[in-house]
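Have a look at the structure below before the remarks.
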Amino acid sequence: MNAPDTGSILDYVEDKLSGAGIENSRMEAGWIIEEILGCSLTQIIAWTHPAPTGSQMARIDEFISKRSAGQPIQHILGYTYFYGRKFLVKPGILVPRPETEILASRALEYLRSIEESAPRILDLYTGSGNILLTALIECPQATGVGVDIDPAAISCAEENSSRFDLQSSTFMLTDIRKYLAGTTERFNLITANPPYVSTADIPGLMPEVKDHENHLSLDGGTDGMDQYRFLEANTHRNLKENGALIFELDPSLSPDLRALFSNWSTSQVYSDYSGSDRIMLVKP
């Protein structure tokens, strides 16, 4: 299409997205225009952004088409923001959720509370590396290892680590079962955002999740608890004295998880922004 008048590009993109059923259509329209025109949201709102060229309008329409087809906006843009930083995300990789920032915050709170000059972190199901890399940036004396079975995830995590110029992170492509069984290292903190959607519930997820994110990052088995049972049974020996395991959970699983970890010496559950149980920290 021909480029609309300078002041109407935001309305144009918003109308297209809204017509496709995108909930946050105006916000996402702003993100698309920012990315393609290389301008700020302030410029867009004030109508002072540069007029899009024909090729830029073609890209805008391409982005609109992909988003209307259900692709996550983060995969289309190639990045998302987590803990105030831009993280690369690639098609098929789990997009970090705002709730996971609570996990990062609680992990940092724990790291800062222990008397350890160089804490070691193990991040399981690392995905884009957002949890581990955030911890290492915020706690520069720490070092850590991220583990994932998905080659695309490990590639993305390594790329993010390079972008942040972190020498304190290592990412390993392997099944977490093999990794934990094969290492004798003990960590001060193990972080995890495991798959916790029950298999039967996956078809009912939003299309942008069920159709575009790796089901390995979603499927928690018949009741969503498979990976938590594994963590409870297999992380004891990989924790240092007074070490902790911290993980994200679905609020509906909170009673079962409290029961599962009832024999651990310490158990603390933290709420998300809506007041629902979201993060659990346990010590053997």
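The numbers here are math on the coordinates, done by the rules we state, and not lab data. Bear in mind the structure is a predicted one, so any value in this text is a computation, not a measurement. With ideal geometry, Cβ positions are generated from the backbone for all residues, glycine too; neighbour counts draw on all protein chains shown.
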For the chain, the longest principal axis of the Cα atoms and the Cα long axis of helix 54-68 enclose an angle in degrees, to the nearest 10, of 50
With the label point 7 Å along the Cα-to-beta-carbon line of residue 233 and a cut-off under 20 Å to each amide N, the hits in region 159-180 are 175-180
Under the rule rounded for a/c under 1.5, else prolate if a/b exceeds b/c, else oblate, using alpha carbon gyration tensor axes a ≥ b ≥ c, region 6-66 is classed as oblate
Placing +1 on each Lys and Arg Cβ and -1 on each Asp and Glu Cβ in the chain, then taking the dipole about the Cα centre, the residue among 252, 183, 64 whose Cα reaches farthest towards the positive end is 183
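Grab the eigenvalues of the alpha-carbon gyration tensor for the chain, scale each by 5, take roots, and send me the semi-axes largest first in whole angstrom. Intermediate values should be presented prior to the final figure.
Details: eigenvalues 290, 85, 54 Å².
Its equivalent ellipsoid spans semi-axes of 38, 21, 16 Å.
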With 0.36 nm assigned to each residue of separation and the Cα-Cα distance removed, residue 53 to residue 69 gains 3.3 nm
